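Each reported figure results from applying straightforward, stated rules to the coordinates on display, with no laboratory input. Just so it is clear, the model here is predicted, and its values are computed rather than measured. When we count neighbours, we look across all protein chains shown, and the Cβ atoms used for this are built from the backbone with ideal geometry, even at glycine.
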Amino acid sequence: MAKPKIQILVCTNERPSDAIKPSCGTRGGLDVYRRFKDGVRARGIRDHVMVVRTGCLKHCSQGITVNIWPNNHWYRGVTLADVDEILDRSVMDEQEVERLQMPDIPWE
Ligand code: FES
C-alpha cells in the first residue's frame, strides 16, 4: 500500500460495563470498523484509503465516533446502517454527512 490519502478513524475503545463513561466498543464500534473495511474493499479504494481502529476519540457520550482525514469530518452515533452513506459522500465525494455531524463540543 502506498501512503494513504484518506484515513477513516473508528473508535473501538471498550470500557468495563461498570465504567462511568460509555464507550464506542461496547456500542458496536468493532462491527462498524469491520463494515468500513468491507465497504472500502468493495469500492476498490484500498490502495489509498486506510481504515484504522482507534482508542477513545474524546466524544464518548455521542455514540460511536468516526473521524475522516484529511478533511476532518467528525461523526457521532455511527451505526452499521450509516457506513455506506459516509463512504459514498464523505470519502468518495468529500462532502460531510450533515445528519451525523458531531456537535462542536469540548473533548470529554
Ligand atoms: S470511547 Fe469512543 S469516543 Fe470515547
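In the chain, helices alone account for a calculated mean residue ellipticity at 222 nm of -4500 deg cm²/dmol, with every DSSP H run of four or more residues adding -39,500 (n - 2.57).
Phi angles across the range 85-100 convert, under the Karplus curve 6.51 cos²θ - 1.76 cosθ + 1.60 with θ = phi - 60°, into 3J(HN,Hα) values of 5, 5, 5, 5, 8, 7, 8, 6, 9, 6, 10, 6, 8, 4, 5, 10 Hz, Gly and Pro given as x.
If you plug the beta carbon distance of ASP38 and ASN72 into 1/(1 + (r/R0)^6) with R0 = 22 Å, you get a FRET efficiency near 0.35. The Cα-based radius of gyration and maximum Cα-Cα distance (Dmax) for the chain are 13.3, 42 Å. Computed from backbone phi, the HN-Hα couplings of the range 50-64 come to 10, 9, 10, 7, 10, x, 4, 9, 6, 9, 4, 6, 8, x, 4 Hz, rounded to whole numbers (Karplus: 6.51 cos²θ - 1.76 cosθ + 1.60, θ = phi - 60°; Gly and Pro given as x). Here the range 52-72 and the range 81-102 have alpha carbon centers that stand 14 Å from each other.
Overall, the chain carries a charge dipole of about 400 debye about its Cα centre when +1 sits on the Cβ of Lys and Arg and -1 on the Cβ of Asp and Glu, all other atoms neutral. Mean sequence separation of contacting Cα pairs (under 8 Å, at least six apart), scaled by the length of the chain, corresponds to a relative contact order of 30 percent.
Candidate cross-link partners of LYS21 among the lysines, defined by an alpha-carbon separation under 16 Å and a same-chain spacing of 8 or more, comprise LYS58. When CYS11, CYS60 are sorted by how many other C-beta atoms sit within 10 angstrom of their C-beta, beginning with the fewest, the order is CYS60, CYS11. Of all aspartates and glutamates in the structure, the ones whose alpha carbon falls short of 15 Å from that of LYS5, not counting any fewer than 8 places away in one chain, are ASP47, ASP93, GLU94.
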